[in-house]
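Below is one structure, written out as structure tokens; the observations come after it.
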């Protein structure tokens, strides 16, 4: 369902559906959690995914290939020979695909980017669409183990809710 919520920015109006958010990540052996990670970020407003798999020995590549049937995902497999793989991945995504999106996030594979004020990050990013900025920072919060001694079954976002108060 398309959203036609508008954000006023000076005299300009940004239609959220027009904001193109991309997200880039480098993942290693996170096949078990990749579907949740992609679905979570799609729900948060991201529509382009740039996933780099580094030295994976699990099902990560097969999972991403399945997800590509449902989401706009570019997948790249990096071997051990790649020098500084995170930097190489982020540079490649920005230089090769930066033109496809209005904003691109660069986060680790175990991080989830969201806004507690609005379900859709396009609403937040719309406030900056015409601002003279080249980048934005986000608060980073560690959720830790939430008291689990062993990893529980289920979704990360349901099992790991404990964090320090800010």
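Calculate, for residue 18 and residue 43, the FRET efficiency according to 1/(1 + (r/R0)^6) with r their C-beta to C-beta distance and R0 22 Å; round to the nearest 0.05.
Working: r = 19 Å, r/R0 = 0.85.
That pair, residue 18 with residue 43, gives E of 0.75.
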Relative contact order (%) - the chain, alpha-carbon pairs under 8 angstrom, separation at least six: 27 percent
Additional length obtainable on full extension of the chain from residue 135 to residue 84, 0.36 nm per residue less Cα span: 16.1 nm
Two-site label geometry, residue 110 and residue 149: point separation in nm, points 7 Å out along Cα→Cβ: 2.0 nm
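At a 10 angstrom cut-off on C-beta neighbours, averaged per residue, how do the peptides 94-106, 49-61 rank from highest to lowest? Numbers along the way, then the final one.
On the way: 94-106: 15.5, 49-61: 19.6.
Result, highest mean first: 49-61, 94-106.
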For the stretch 43-166, convex hull volume per residue from C-alpha positions, Å³: 159 Å³
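Can you give the helix-only mean residue ellipticity at 222 nm for the chain, where every DSSP H stretch with n ≥ 4 adds -39500 (n - 2.57) and the sum goes over all residues, rounded to the nearest 500 deg cm²/dmol?
Working: 5 runs with 44 residues, N = 166.
Result for the chain: -7500 deg cm²/dmol, rounded to the nearest 500.
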FRET efficiency estimate (nearest 0.05) - Cβ-Cβ, residue 117 to residue 142, R0 30 angstrom: 0.90
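Counting other beta carbons within 10 Å of each Cβ, put 69, 161 in order, fewest first. Can you show the working numbers first?
Details: 69 7, 161 11.
Exposure proxy ranking, most exposed first: 69, 161.
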Highest to lowest packing among 112-123, 18-29, scored as the average C-beta count within 10 Å: 18-29, 112-123
Among 145-158, 78-91, the order from most to least packed when residues are scored by Cβ within 10 Å on average: 78-91, 145-158
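Any read-out appearing in this document is the output of simple, stated calculations on the displayed coordinates, not a laboratory observation. As the structure is a computational prediction, the values presented were derived from the model and not from experiment. Reconstructed Cβ throughout: ideal geometry from the backbone, glycine too, with neighbour counts over all protein chains shown.
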